[in-house]
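Before any comments, here is the structure.
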Amino acid sequence: MENSLTLRLPDDWHLHLRDGAMLRGVLPETARHFGRAIVMPNLVPPVVTAAQAAAYRTRILAALPEGAAFEPLMTLYLTEETDPADIRAAAASGLVAAVKLYPAGATTNSQSGVRDFDRVRAVLETMAEIGLPLCTHGEVTTPEVDIFDREAVFIDTVLDPIRRATPGLRVVMEHITTAEGVAYARSGGTDLGATITTHHLIINRNHILVGGIRPHYYCLPVAKREHHRLALRRAATSGEGCFFLGTDSAPHVDALKEHACGCAGCFTATNTLSCLAHVFEEEGALDRLEAFASLNGPAFYRLPPNKGRIRLTRHDTPHSYPKKLFTEAGPVTVFDPGFPLHWVVEG
Ligand code: DOR
Ligand code: ZN
């Protein structure tokens, strides 16, 4: 059995870093194992202008541990008021790597998102022209649509029409959770990619609901049935270029997770690579982990892979990660994969 694995330094193509005390607490967890991350803009208030993105980037760099070489790749939060000229300038200056589309009301801090997709047409056309990717939170918010169907309905009623109306628009389907998402991503050609989280490769909806509600497994899009998880596993471990890692690591303090109306998000930054190595080993695909975590994402974003390497080794004794990360904002529970973790990043 393989017991050591060297990979190009991975990137995280979908990450929530928050701000202030939480940022200071969680950033070192990602900076330790990743070269770059696409940083989500759903702060309060959201990062909607290039000036706000520049200021947020400065705060992230200031919160980095001494000597860390981590590079935040900034995104802008798309609203119905977004100015195409601001997007064009932000992309030309190299400040932003993508624009994030949240359907209004779909998830944490998405109230400023898009209600009427016709009102962002000019922005999307500008993005298609300049090749700036659109990262999509792919769920409809219509109350009549069951929460477990929201991704599949989004693909048919929002994403596919947008892509047909905007040829050349480069789209990342963020955190896909369904077999339908996998199939659509595969069918889309080189302008379409999809991120897959660590936790959606590990949990299905039973993990959230059987034997009591487990709020730390609640995230959005919510985990689906087992056959969807298996489709995600096959996609992630396939090596196909359209699938790459976006952890969607989304910290909330325990008081807000363990709550009558608990926040959505799994915090996986601390143990993501150990979890992924476990999953890829189970699937007999350790040789494809590098494609998923370190190569396919840069290729989609038209960036070189990181120069550095990390080494994972398989320990006979399971590694015990801390159950909680204690931040100045409060304790944050680290994702529990429900199995012992033998793969550990060295150094
Ligand atoms: O689970 C989630 N948490 N999904 C999202 O889309 C947002 C994220 C957050 O910001 O907490
Ligand atoms: Zn997210």
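With label points built 7 Å along Cα→Cβ from the Cα atoms of residue 160 and residue 51, find their separation and express it in nm.
With each label placed 7 Å out from Cα toward Cβ, I get 4.2 nm.
Whole angstrom only: what separates the Cα centroid of the stretch 1-80 from the Cα centroid of the stretch 203-276?
19 Å
Using the Cα centre as the reference, give the magnitude of the dipole from point charges on the C-beta atoms of the chain (Lys, Arg: +1; Asp, Glu: -1; all else neutral), rounded to the nearest 20 debye.
Roughly 480 debye, rounded to the nearest 20.
Tell me, in nm to one decimal, what length is gained between residue 118 and residue 230 on full extension, where the rule is 0.36 nm per residue of separation less the Cα-Cα distance?
Stretched out fully, the residue 118 to residue 230 stretch lengthens by 36.8 nm.
Can you tell which of 326, 315, 97 lies farthest toward the positive end of the dipole of the chain, using +1 and -1 charges on the Cβ of basic and acidic side chains (Lys, Arg; Asp, Glu)?
The Cα lying farthest towards the positive end belongs to 315.
Suppose a student asked you for the relative contact order of the chain, using Cα pairs under 8 Å spaced at least 6 residues apart; what percent would you report?
20 percent
How far is it, in nm, from the label point at residue 314 to the one at residue 44 when both lie 7 Å from their Cα along the line to the Cβ?
Taking the simple label geometry, residue 314 and residue 44 are separated by 4.5 nm.
Taking only Cα atoms, what is the 0 to 90° angle, nearest 10, from helix 272-282's long axis to the longest principal axis of the chain?
The two axes meet at around 70 degrees.
Give the accessible surface of the chain per residue, rounded to a whole number of Å², with probe radius 1.4 Å and ligands, DNA and RNA excluded.
40 Å²
Work from the charge dipole of the stretch 4-346 (Cβ charges, +1 for Lys and Arg, -1 for Asp and Glu, about the Cα centre) and give the residue of 172, 69, 143 farthest towards its positive end.
So the residue we want is 69.
Report, to the nearest 10°, how far helix 20-31 tilts away from the longest principal axis of the Cα atoms in the chain, using its own Cα long axis and a range of 0 to 90°.
So the inclination is approximately 60 degrees.
To make sure I understand the rule: partners must be aspartates and glutamates, Cα under 16 Å from the Cα of residue 323, and not fewer than 8 residues away in the same chain. Which ones qualify?
Those aspartates and glutamates meeting the cut-off are 29, 254, 258, 336.
Hey, what angle do you get for helix 226-236 against the long axis of the chain, alpha-carbon based, 0 to 90 degrees rounded to 10?
So the helix axis and the longest Cα principal axis differ by about 90 degrees.
Listed here are the pairs 100/257; 224/307; 224/257; which of them are more than 29 Å apart at the Cα?
With Cα atoms farther than 29 Å apart: 224/307.
How big is the shadow of the Cα convex hull of the chain, averaged over all directions, in nm²?
If I average the Cα hull's projected area over directions, I get 16.2 nm².
What percent antiparallel are the DSSP beta bridges of the stretch 4-346, to the nearest 5?
Bridges in the stretch 4-346 are about 35 percent antiparallel.
Could you check how much of the accessible area of the chain is carbon and sulfur, as a whole percent, using a 1.4 Å probe?
Roughly 53 percent, rounded to a whole number.
Tell me the accessible surface of residue 259 in square angstrom (1.4 angstrom probe, heavy atoms of protein chains only), to the nearest ten.
100 Å²
The values are calculated or read from the model by the stated rules, or taken from the named source; none is laboratory data. As the structure is a computational prediction, the values presented were derived from the model and not from experiment. As a convention, Cβ positions derive from the backbone with ideal geometry for all residues, glycine included, and neighbour counts pool all protein chains shown. These accessible areas exclude ligands, DNA and RNA; they are computed on the full protein's heavy atoms, side chains included. Shrake-Rupley method; radii C 1.70, N 1.55, O 1.52, S 1.80 Å.
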